[in-house]
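In what follows, a single structure is set out as structure tokens and then discussed.
The values are calculated or read from the model by the stated rules, or taken from the named source; none is laboratory data. Note that the structure is predicted; figures quoted are calculated from it, not measured. Note that we place each Cβ from the backbone using ideal geometry, even for glycine, and neighbour counts take in every protein chain shown.
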Amino acid sequence: MDPAKRAYKSFHYKAKTTWSSARRGMLSAAGKPNVIVGSPPEFKGEPDIWAPEELLVGSLNTCMMLTFLTLAQTQGLTLVGYESEAEGFLENIEGKYQITEVAVRPCVTLKSEAELGPARKTMESVEAHCFIANSIKARVTLTPEFFVARLPK
């Protein structure tokens, strides 16, 4: 089918935020567990609750993982493990704070050495296919590492 004539679906997502006290509130959505949210310590918040900055970084990190898993499955790759750290940089640009960069560092463990090349090739297209990466203006850097699982002898 010609991609230009392909019919794409649209999706709708809802979330509710309710203030509770000081600089904290509750993030909720129907049928999901609530998440306590608030300002990070740098902005007079508490260190033990999720801040919007962390949620944005976590959302991008999760989307990159899910995108890779989807593409890897399509390629028939056998993943043994996937773990990823992401770090966002909040900077003041011309008087406004913004996340300017998110560095994502996935570690992918594969079943066989033959899958290393295809996995690297698959990872190269992850950012272009990640919905969250396509939705933010921050620079995204993806620095993956690949390993082959050691089989028990």
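The lone criterion from (1) closer than 22 Å to residue 138 by Cβ; (2) among the basic types (Lys, Arg); (3) touching a Ser or Thr at 6+ places or on another chain (Cβ under 6 Å); (4) exposed (fewer than 14 other Cβ atoms within 10 Å of the Cβ) left unmet by residue 96 is number (3). Inside region 88-121, residues that are assigned to a helix (DSSP H, G or I) and acidic (Asp, Glu) make up a count of 2.
Which of the residues spanning region 13-26 are exposed (fewer than 10 other Cβ atoms within 10 Å of the Cβ) and either under 15 Å from residue 52 (Cβ atoms) or modelled with pLDDT of 95 or more (or both)? Within region 13-26, 13, 14 meet the criteria. Within region 64-105, the residues that satisfy the criterion of being among the small types (Gly, Ala, Ser) and free of Cβ contacts under 8 Å to residues at least 60 places away in the same chain are 72, 76, 84, 86, 88, 95, 103. Pairs meeting the criteria (first residue in region 35-63 and β-branched (Val, Ile, Thr), second residue modelled with pLDDT of 95 or more and part of a loop (DSSP other than H, G, I, E, B), beta carbons under 6 Å, at least 6 apart or on different chains) are 36/49.
The strands (runs of 3 or more DSSP E) found entirely in region 1-87 that carry 3 or more residues being of a type in the set (A, V, I, L, M, F, W, C) are 35-38.
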